[in-house]
Structure formats: structure tokens, C-alpha cells
Amino acid sequence: MLRIIGVDLGYDTEQVILRSSAEKFLTERYDYAAFRRSSESDAGFDRELWSEFARLGWIGLPFAPDDGGSGGGAVELAILMEAFGRHLVIEPYLATVVLGGGLLARLGSPAERAAILPAVIEGRHFLAFAHDDAGAPARAQRRGTGYLLHGAKRMVLGGPMADTLLVSAQLAADRLGVFVVPKDTEGITVRSARLVDGRRAADVTLAEVAMPQSALLGGNEDAGMIVEAVIQQAIAASSADAVGAIAAMVKATVDYTKTRVQFGQPLAGFQALQHRMVRMRIAEEEARASSLLATLSLEGPPEARVRAVSGAKAKIGRCARHVHQEAIQLHGAIGTTGELSLGAYAKRLIAYEILLGSTRAHLRRYALAIGDPEVAARGLVMSGEPA
């Protein structure tokens, strides 16, 4: 594990193997042409490749061994997500594994986990977390021995390909519950949409959806803190993905300026452009440091998580915008064409700025967190025994 004590932030042997194997597999199997085939397909992803992810153990990576996973932690997940961002992987890993699977793993009873997670880990079942309310919050009203769900959810990542929706809804006294809802349940309408980066999402309408008491995940009628923790883990994971995309854009830009000749010399020979590329590289390192801090803070107290995760989302959002704008401009008009992958990376970073809370929203949240003198006075990473 990455260690906090002694400032030893090197990967251990298993983490190095994970990073190397992920990079090797994706370099061989997931080029820009593969990304375009997946994003332009009717399904929005490659089912055969998803099965390969399962075979490699990537889908089961963050789940406990008792649930059929390999027991990887936040650092292992970040390693894999950074590789996904570097290679434009569009398969619904964040939706099914990090968000949906994360909720099941934390909230679900042993019976609920056993009923769903094995099929998820084997690549046969897809999940989506329907949480972002469209207007008024979705509500769950008691009806006999069960509930009636009504409301609407927007931008449900992975919604079109999901077999099961995990729907958050307010219960009595403003408490939050999460319901396990098969997507074909009567009263559910799913309207698919394609995001700017090619991923699929859906707007979901719940019209008097009748659910039994057993549909309430874990029987937990006050799941708000766990939902928040899962969302923070998803933000940290998507931040690592953004770092991978930023790194790919910086490398592509530096490589391009070494070969593109203007006025008798490569663009990389012009000092003004060298300065701009140095600033891009600085933005990459700032983003990577912020992502690492968010990852290492996930097991800390709630106020430390908010500070680190929202701070990372805001910082990386700004770094991402700087890098993708500079990369496109330094490439010239060719940077906007579909022949180059550059535009796809830019769109992925634009989506990062919006999904799971905008850059501005997280900047406000970060400001509120450090407005507390006790939180502001603490070290960025809590000391103690490493996990």
C-alpha cells in the first residue's frame, strides 16, 4: 500500500503489477479505434471486452473476498481508473462497479450481496445509481407493507445498459433510503442520452413504482452518510481517470510539437511554446497530487474526506480545462478533428467537470470545509497506521 507515515508514497509489488498489466492490456486492446467502435455502437460499450475485464479480475477488484472480489482498496482502484482515463475506456465501470457495486457492498445484507454481486463480478449484470433528483426529491411513501416510489432522476450514469437501478429516495423525516429496483419494473421510464464524451446516461421517471419492504437496500432507512461516502469514492476514482486523460493530452502535445515544423524548426524549439507546455505539465502534476490526496483521505473522518475530495474535484477541474484548451490550441485546427484522439480526451475532461458535481459546486463546498478553523488547522493527510 501507499504509506502516509515516513512519506513513502511508492507502490507495493502488487500495485506495480496491476499498473503494468493494465497498461499492457489496454495498449494492446484499447486504442482510439476501439474507443470509437464502443462509443458509436448501439450498446455504448463492448460486451466482449467487458467480459475480459471480468476475467482479468478488474470488475471484482474493489469487492471483499467474501463477496467474490479481490479486496482491493482505493489506491488499487485509482491505479486502474487512471489507466482507463489514459486509454479512453468507455465501458460502464464507474456506474456498475464504483457507484452501484459500492452501494451494494456497503449497504447490502449478505443475502442481497450474494444475490447480485457474483453476477456483477462475472460481467453478467449491470448496475446504475439513480441519485440526482430532477427538481423535487424522489420520495418513498409507505403503502401497506411496502413503498411507492415517485419522482425523477437525471443523468443516471450507465442507466441505459443497467439491469438493476439503485434508486435513492427520501423517507419520513428527510431520511434517505436506497431501493433495489429492476429496470423493467412497472412505472419506470428510462430515456437514454449520450454524454459529450460518448458515455451513456439516462433520465429516469418513477411513476407510482410499487416496491416491497425487501427492496430497501439493507433495510437501512437512514443511508445518507453511506451514500455520501460512496459518491466521494466515485469522485476520487473519476479524478484518477481525469489525471490519466490529462497525462495523455500532455504527452500527445509534447510529441506533436517535436515533429510539427514551422519556420524551419519544430514547434518544440520555440521558447514561448516550451513555457506553455511546462505549464501544462505543472497542471498535470498538480492534478495527480490532488487525486492522490483524495484517494488517501477516503478512509478518514467525513470532514477530511469532504476537504480532500471536493478540493480535488475543483482543482483537477481547473487543471483539466487548462490542459485540454492548451492541447487543442497547440495542435491547431487538426486538434478538433475526429481523426485525432485529442478531441475525445477533451470531451472526457469536459464531462469530468460536470459529472458528480461541477467544478464550481465543489469549490464552494471546499471553501465551506476549510472555513471551519479546526478543519483548516489539520494536516492534509491524517497520520496513523497505514491500511
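Selection among GLY198, ALA74, LEU157 by position relative to the dipole of the chain gives GLY198 as farthest towards the positive end (Cβ unit charges, Cα centre).
Quick one: order ILE316, ILE282, ILE59, ILE370 by neighbouring beta-carbon count within 10 Å, fewest to most. Can you show the working numbers first?
Numbers: ILE316 31, ILE282 13, ILE59 25, ILE370 16.
So the residues, fewest neighbours to most, are ILE282, ILE370, ILE59, ILE316.
Listed by Cβ neighbour count within 10 Å, with the fewest neighbours leading, ARG288, ARG86 appear as ARG288, ARG86.
Taken about its Cα centre, the stretch 128-219 carries a charge dipole of roughly 60 debye when the Cβ of each Lys and Arg holds +1 and the Cβ of each Asp and Glu holds -1. With the simple model of a label 7 Å out from the Cα in the direction of the Cβ, ALA173 to LYS251 spans 5.3 nm. Per-residue ellipticity at 222 nm computed for the chain from its helices equals -16000 deg cm²/dmol, with DSSP H segments shorter than 4 residues left out and the rest contributing -39,500 (n - 2.57). Dipole magnitude for the chain: about 1140 debye, using +1 per Lys or Arg Cβ and -1 per Asp or Glu Cβ, origin at the Cα centre. Charged side chains reduced to their Cβ positions (Lys and Arg at +1, Asp and Glu at -1) give the stretch 167-322 a dipole of some 1140 debye around its Cα centre. In plain terms, the residue of TRP58, TRP50 with the fewest other Cβ atoms within 10 Å comes first and the most crowded comes last, giving TRP50, TRP58.
Residues whose amide H lies under 5 Å from that of GLY300, counting only those 5 or more places away or on a different chain, are absent; hydrogens are built 1.01 Å from N in the peptide plane. If R0 is taken as 45 Å, the Cβ-Cβ distance between PHE270 and ARG36 corresponds to a FRET efficiency of 0.85. The label-point distance for ASP372 and ARG194, in a model that sets each label 7 Å from Cα toward Cβ, rounds to 4.4 nm.
Roughly what percent of Cα-Cα pairs across the stretch 224-377 reach past 27 Å?
Details: 3553 of 11781 pairs.
Pairs farther apart than 27 Å: 30 percent.
At q = 0.08, 0.15 Å⁻¹ the log10 of I(q)/I(0) for the chain amounts to -0.42, -1.43, computed by Debye summation with a single uniform scatterer per C-alpha, solvent ignored.
Between the alpha-carbon centres of the stretch 279-330 and the stretch 248-276 there is a gap of 25 Å. Among beta bridges from DSSP that stay inside the chain, the antiparallel ones total about 85%. Scalar couplings 3J(HN,Hα) for the stretch 286-301, obtained by applying the Karplus form with A = 6.51, B = -1.76, C = 1.60 to θ = phi - 60°, are 5, 5, 5, 5, 5, 5, 4, 4, 4, 4, 6, 8, 5, 8, x, x Hz; x denotes Gly and Pro.
So which chymotrypsin sites (Phe, Trp or Tyr not before Pro) in the stretch 213-276 end up in coil per DSSP with only 16 or fewer other C-beta atoms within 10 Å?
Qualifying residues, ordered by number: PHE263, PHE270.
Each reported figure results from applying straightforward, stated rules to the coordinates on display, with no laboratory input. Owing to the predicted nature of the structure, the values given are computational and were not obtained by experimental measurement. A quick note on method: Cβ atoms are made from the backbone with ideal geometry, for glycine too, and the neighbour counts reach across all protein chains shown.
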